[in-house]
Number of protein chains: 4
Amino acid sequence: MKRNRPKYKQIIEAAVVVIAENGYHQAQISKIARQAGVADGTIYLYFKNKEDVLISVFQEKMAMFVETINEVIAGKETASEKLLVMFESHFKILSADTKLAIVTQLELRQSNKDLRFKINEVLKDYLSVLESILEYGKERGEFAADLDIRLARQMIFGTIDETATTWVLNEHKYDLVALAPKVHKLILNGCISENAAS
Amino acid sequence: MKRNRPKYKQIIEAAVVVIAENGYHQAQISKIARQAGVADGTIYLYFKNKEDVLISVFQEKMAMFVETINEVIAGKETASEKLLVMFESHFKILSADTKLAIVTQLELRQSNKDLRFKINEVLKDYLSVLESILEYGKERGEFAADLDIRLARQMIFGTIDETATTWVLNEHKYDLVALAPKVHKLILNGCISENAAS
Amino acid sequence: MKRNRPKYKQIIEAAVVVIAENGYHQAQISKIARQAGVADGTIYLYFKNKEDVLISVFQEKMAMFVETINEVIAGKETASEKLLVMFESHFKILSADTKLAIVTQLELRQSNKDLRFKINEVLKDYLSVLESILEYGKERGEFAADLDIRLARQMIFGTIDETATTWVLNEHKYDLVALAPKVHKLILNGCISENAAS
Amino acid sequence: MKRNRPKYKQIIEAAVVVIAENGYHQAQISKIARQAGVADGTIYLYFKNKEDVLISVFQEKMAMFVETINEVIAGKETASEKLLVMFESHFKILSADTKLAIVTQLELRQSNKDLRFKINEVLKDYLSVLESILEYGKERGEFAADLDIRLARQMIFGTIDETATTWVLNEHKYDLVALAPKVHKLILNGCISENAAS
DNA sequence: GATGAATGAGGATTCATTCAT
DNA sequence: TATGAATGAATCCTCATTCAT
C-alpha cells in the first residue's frame with residue numbers, strides 16, 4: 001500500500017508547505033519534489049498525476065479533521081456541546097497549522113472545476129458528521145422540531161468556513177479558537193435579543 | 001470616462017457569458033473578445049489587463065447588488081425586515097441570472113490570491129450594508145446587546161454564500177428565493193428550540 | 001487560406017531542413033521555428049500541432065510529386081514511356097533535393113502509427129497515378145492481359161522506393177537518375193534472359 | 001554465452017509480443033520485462049541497453065529467415081525455382097507468425113537512424129543469399145547476361161517487402177503465400193506482354 | 001480608435017538506466 | 001544472479017500582451 005510508505009506522507013507534507021508558501025498556481029511538481037527531498041519522477045510512483053497529489057492532500061487532511069472531530073464529539077452528551085467541541089476542534093487544527101489553513105481556506109479553492117468536484121466529494125464526510133449532530137439535537141428536543149437540517153448545515157458550515165477564511169485573510173492576527181464559543185452561541189440562538197424573541 | 005462607452009459594458013457582459021459557459025480557466029481574452037464582437041487588442045483599450053477585466057466584472061455586478069439592496073432595505077422599518085428583503089433580493093438577483101450566479105459563486109473563486117484580495121475589497125461595500133443593518137438592529141433593541149457585529153456579519157455572509165453556492169452546485173434545481181424566509185428565521189433565532197431557549 | 005501565406009511554406013521548408021539535419025526524433029518545434037525565423041507560437045497559428053506540421057510536409061511534397069508526374073506522363077503516348085518518365089521524374093526530384101530525399105525515405109518513416117496512417121492516405125494519390133498507367137498499358141496491349149494490377153503496382157512502388165532508399169543510405173554517392181532506364185527495363189522485362197523466355 | 005541462457009530467448013520473445021501488441025513507441029522496457037516475467041533490471045544483465053534488445057530481436061529472427069531459406073533453396077536446381085521457394089518461405093514465415101510480421105514490416109521501421117543502420121547490417125546476410133541466387137542464374141544463362149545484380153536485388157527485395165507490408169496493413173485478410181508464384185512470375189518476366197516483347 | 005498577427009515564457013510527465021540489497 | 005525503487009533530463013503547447021497598420 002503506497003499510502004503507508006514514508007515517502008507518500010513526505011510528499012503530502014511537502015505539497016502543503018509549497019502551496020502555502022508559493023500559492024496554488026506556483027506549486028510546481030518540481031518544487032514539491034525538491035521540498036520533499038525526492039526526484040520529480042518519484043512523485044509519479046506514488047501519485048497518478050499532479051491533481052492526484054492535490055486531491056490526496058485534501059483527503060489526508062480532511063480525514064484527520066473528521067477523525068478528530070468524531071473523537072471529541074463522542075465524549076459529549078448534548079448536541080449543543082457536540083457542536084461547541086466541533087467548532088473548537090476545527091479552529092484548533094487550523095490554528096495549530098497555519099500553512100494547512102492557508103492551503104484549505106484559500107489555495108485549494110483556486111483549483112479547477114474537476115478538482116473542486118472531487119474535493120466536494122471528500123467534504124461530504126465532514127458534512128455528514130455535522131448533519132448527524134443536528135439530527136441528534138432534533139431528536140433530543142434541543143433543536144427546533146421544524147429545523148431544516150440541510151439549511152442549518154449550510155448555515156453552520158458557511159459560518160465556520162467564512163470565519164476561518166476571514167481569519168486567514170487577516171493573517172491569523174487574532175485568536176481563532178477563542179471565537180468558537182461566540183460562534184456557537186450565535187449559531188444556537190441567532191442574532192435576536194432574548195426580549196424580542198417572544 | 002471609459003466606463004460609460006458602449007464597448008466597456010459589452011466586454012463586461014461578454015466576460016460573464018464566457019466565464020459561465022467555459023469556466024474561469026478557459027475564459028481566454030480571445031474568447032471574450034469574440035463574444036463581445038471586438039478584436040483582442042480592443043480589450044486593452046478599455047482594461048489594463050485580464051485581471052482588470054475580471055475585477056471589473058465583479059465590481060460592476062457587486063455595485064448592482066449593493067444598489068438594489070440599498071433600495072429595498074430603505075423601504076423597511078425594522079432590522080429584521082431589512083435582513084429579510086436583503087436575503088430575498090440577493091437570492092432573486094442570482095436566480096434571475098444563473099450565469100452571473102455561476103460566475104460569482106464558483107468561477108471567480110478560482111482566481112489567484114491577488115485577484116481574490118481585490119475582490120474582497122469590492123465586497124466591503126456589501127459587507128458595510130450588512131453591518132449597518134446589524135448596528136441599526138442593536139440600537140433598536142431588536143438584536144442582542146452583546147452581539148458581536150463582525151462575527152454576526154461573517155455568519156450571515158457565510159450562510160447566504162454557502163446557501164447560494166450549494167444551490168448553484170445543485171444546478172439551480174430548487175427555488176432559491178423560497179429559502180430566504182427560512183434562512184432569515186435561522187439567522188435570527190438560531191437552531192435552538194424555543195422551549196430550550198430559556 | 002493559411003496554405004498560401006508566406007509563413008506557411010517557410011515553416012514547411014524549415015521542417016524539411018531540420019528533420020534532414022537532425023533526424024525525426026530530434027526535430028523539435030523550437031528548432032523548426034528558429035530555422036523558419038519565427039516564434040514557436042507562430043507555428044501554431046498555421047498548424048494544429050506538431051503532427052500536423054509533419055503531415056503537411058509530406059502532403060505538400062507528395063502533391064508536388066503527383067503534379068510533376070502527371071505533367072510528364074501526359075506528354076507520352078505509350079504506357080512504357082509513361083513509366084520511364086515517371087521513374088525519371090521521381091528520381092530527379094529526389095536528386096535535386098537530397099534533404100527532401102532523406103526526409104521522405106528515412107526520417108518520416110520513424111513516425112508513429114497514426115502519422116504513418118495519414119501518410120499512407122496521402123500516398124494513395126501517387127499510387128492511383130501508377131495504377132492508371134498500368135490499366136492504360138493493359139488496354140493498349142503493351143502489358144500482359146493477365147497482369148495483376150495491384151501486385152504490379154506493389155512491385156513498381158516497392159522497387160523505386162527500395163532503389164531510392166538504398167541510394168540515400170549510400171549517401172547519394174551515385175547517380176540515381178541514371179538508374180531510371182535500367183529500373184524501367186527490369187520492371188518491364190523482368191530478370192529472365194530473352195532466350196529462356198520462350 | 002548469454003545467447004543460450006533461457007532468459008535471453010524469453011526476453012526476445014517477450015519483446016516481439018510487446019512490440020506487436022503495443023507498437024514500437026509503446027514498447028517500454030518495463031512492459032517487456034513484465035511480459036518476460038523478469039525484473040526491469042534483469043534485462044540489463046542480458047542486453048547492453050534497449051537498442052540492443054531491439055537489434056537482437058531482428059538478428060534472431062532474420063537469422064531464422066536466412067537459415068530456413070538456405071535450406072529450401074539448396075533443394076532446388078534452377079535459379080528460378082530457388083527464387084520461387086525463397087518467396088514462398090519468406091511469406092510462409094510471416095503468415096505463420098503475424099506478430100513477427102507486424103514487428104518487422106511496420107514497427108521496427110519506426111526506429112531511429114542508428115538502429116535502422118544496424119538493422120540494415122543484419123539484412124545483408126539475407127541480401128547476400130538473394131544476390132548469390134541472381135549470380136547463379138546469370139551463370140546458368142537463366143537470367144539476362146547484362147542483369148545488374150544490385151539493381152535486381154533491390155527490385156526483388158523492394159517487391160517482396162512492399163507486398164508483405166501491404167498485406168500487414170490490410171490486416172492479413174488475404175493469403176500472402178498464394179501470391180508467391182504471381183510475384184515470382186512478375187519478377188522474372190516483368191509487366192510486358194509476351195507479344196510486345198519482341 | 002480598432003485590429004489581429006506575432007510573440008515567447010513556462011511545466012507536467014515519461015521512461016531508460018542504475019545500484020543497493 | 002536477480003530485483004525494482006529511484007532517478008532526472010527533455011519538450012510540446014497555450015495564451016496574455018504588444019504594436020505596426
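Confirm whether residue D:36 is open to solvent by less than 30 Å² (accessible area, probe 1.4 Å), within 21 Å of the chain's Cα centre (by Cα), modelled with pLDDT of 95 or more and within 15 Å of DNA strand E (Cβ to nearest atom). No. If only residues of the stretch D:68-82 that are of a type in the set (Val, Ile, Thr) and more than 12 Å from the chain's Cα centre (by Cα) are counted, the one that is farthest from residue D:135 (Cα to Cα) is D:72. When residue A:190 is tested against (1) over 18 Å from the mean Cα position of the chain (by Cα); (2) under 25 Å from residue B:109 (Cα atoms), just one condition goes unmet, and that condition is (2). Picking from residues in the stretch B:1-41 that are outside any helix (DSSP H, G or I) and free of Cβ contacts under 8 Å to residues at least 24 places away in the same chain, the one that is nearest to residue A:25 (Cα to Cα) is B:28.
Determine whether residue B:12 is surrounded by 13 or more Cβ atoms within 10 Å (Cβ to Cβ), more than 13 Å from DNA strand F (Cβ to nearest atom) and in the same structural domain as residue B:102 (by TED's automatic domain parsing). Considered against the rule, which asks whether it is surrounded by 13 or more Cβ atoms within 10 Å (Cβ to Cβ), more than 13 Å from DNA strand F (Cβ to nearest atom) and in the same structural domain as residue B:102 (by TED's automatic domain parsing), residue B:12 comes out as no.
Check the stretch D:122-134 and report whether any residue there is out of contact with any strand residue (DSSP E or B) (no Cβ under 6 Å at 6 or more places or on another chain), open to solvent by 20 Å² or more (accessible area, probe 1.4 Å) and within 9 Å of another protein chain (Cβ to nearest Cβ). No, that holds for no residue.
Taken together, the residues in the stretch B:12-56 that are under 18 Å from residue B:114 (Cβ atoms) and either within 14 Å of chain A (Cβ to nearest Cβ) or among the charged types (D, E, K, R) (or both) amount to 9. Would you confirm whether or not the stretch C:103-115 contains a residue that is open to solvent by 60 Å² or more (accessible area, probe 1.4 Å), in contact with a Lys or Arg (Cβ under 7 Å, 6 or more places away or on another chain) and part of a helix (DSSP H, G or I)? Yes, the conditions are met somewhere in the stretch C:103-115.
Here's the yes/no breakdown for (1) closer than 25 Å to residue A:19 by Cβ; (2) touching a Pro at 6+ places or on another chain (Cβ under 6 Å); (3) free of Cβ contacts under 8 Å to residues at least 12 places away in the same chain:
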| residue | (1), (2), (3) |
| --- | --- |
| A:94 | yes, no, no |
| A:101 | yes, no, no |
| A:115 | yes, no, no |
| A:128 | no, no, yes |
| A:149 | no, no, no |
| A:174 | yes, no, yes |
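Residues of the stretch A:71-88 that are in a helix (DSSP H, G or I) and in contact (Cβ under 8 Å) with a residue 24 or more places away in the chain: A:73, A:79, A:80, A:82, A:83, A:84, A:86, A:87, A:88.
Residue B:59 meets all of the listed conditions (1) within 14 Å of chain A (Cβ to nearest Cβ); (2) touching a helix residue (DSSP H, G or I) at 6+ places or on another chain (Cβ under 6 Å); (3) closer than 27 Å to residue B:172 by Cβ; (4) modelled with pLDDT under 95 but one, namely (1).
Scanning the stretch A:42-58 for residues that are under 11 Å from residue A:29 (Cβ atoms) and aliphatic (A, V, I, L, M) yields A:43, A:53, A:54.
What tally of residues in the stretch A:185-198 results from selecting those that are at the interface with chain B (Cβ under 7 Å from one of its Cβ atoms) and assigned to a helix (DSSP H, G or I)? Total satisfying the criteria: 4.
In the condition set (1) in contact with an Asp or Glu (Cβ under 8 Å, 6 or more places away or on another chain); (2) without any contact (Cβ under 8 Å) to a residue 40 or more places away in the chain; (3) of a type outside the set (Lys, Arg); (4) surrounded by 21 or more Cβ atoms within 10 Å (Cβ to Cβ), residue B:180 is compliant with all but (2).
Results for (1) more than 12 Å from the chain's Cα centre (by Cα); (2) within 17 Å of residue B:165 (Cα to Cα), shown as yes or no for each residue.
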{"residue": "A:84", "(1), (2)": "yes, no"}
{"residue": "A:90", "(1), (2)": "no, no"}
{"residue": "A:102", "(1), (2)": "no, no"}
{"residue": "A:120", "(1), (2)": "no, yes"}
{"residue": "A:124", "(1), (2)": "no, yes"}
{"residue": "A:132", "(1), (2)": "yes, no"}
{"residue": "A:140", "(1), (2)": "yes, no"}
{"residue": "A:146", "(1), (2)": "yes, no"}
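Residues of the stretch A:57-74 that are closer than 22 Å to residue A:182 by Cβ and open to solvent by 20 Å² or more (accessible area, probe 1.4 Å): A:68, A:72. Of all positions in the stretch B:47-56, none carries a residue that is touching a residue at least 12 places away in the same chain (Cβ under 8 Å), surrounded by fewer than 19 Cβ atoms within 10 Å (Cβ to Cβ), small (Gly, Ala, Ser) and under 25 Å from residue B:96 (Cα atoms).
Here's the yes/no breakdown for (1) more than 7 Å from every other protein chain (Cβ to nearest Cβ); (2) among the aliphatic types (A, V, I, L, M); (3) assigned to a loop (DSSP other than H, G, I, E, B):
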| residue | (1), (2), (3) |
| --- | --- |
| B:141 | no, no, yes |
| B:146 | yes, no, yes |
| B:154 | no, no, no |
| B:157 | no, no, no |
| B:164 | yes, yes, no |
| B:168 | yes, yes, no |
| B:173 | yes, no, yes |
| B:179 | no, yes, no |
| B:183 | no, yes, no |
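Within the stretch A:158-177, being in contact with an Asp or Glu (Cβ under 9 Å, 6 or more places away or on another chain) and open to solvent by 20 Å² or more (accessible area, probe 1.4 Å) holds for A:161, A:162, A:177.
Among the residues of the stretch A:42-66, those that are within 12 Å of DNA strand F (Cβ to nearest atom) and in a helix (DSSP H, G or I) comprise A:42, A:43, A:44, A:45, A:46.
The number of residues in the stretch A:137-150 being aliphatic (A, V, I, L, M) and surrounded by 19 or more Cβ atoms within 10 Å (Cβ to Cβ) comes to 2.
For the stretch A:62-114, the set of residues classified as among the small types (Gly, Ala, Ser), within 14 Å of another protein chain (Cβ to nearest Cβ) and over 28 Å from residue B:103 (Cβ atoms) consists of A:79, A:80, listed by residue number.
The values are calculated or read from the model by the stated rules, or taken from the named source; none is laboratory data. Keep in mind it's a predicted model, so treat the numbers as computed, not measured. Note: ideal-geometry Cβ built from the backbone for every residue, glycine included; neighbour counts use all protein chains shown. What goes into the accessible areas is simple: the full protein's heavy atoms, side chains included, and nothing from ligands, DNA or RNA. Shrake-Rupley method; radii C 1.70, N 1.55, O 1.52, S 1.80 Å.
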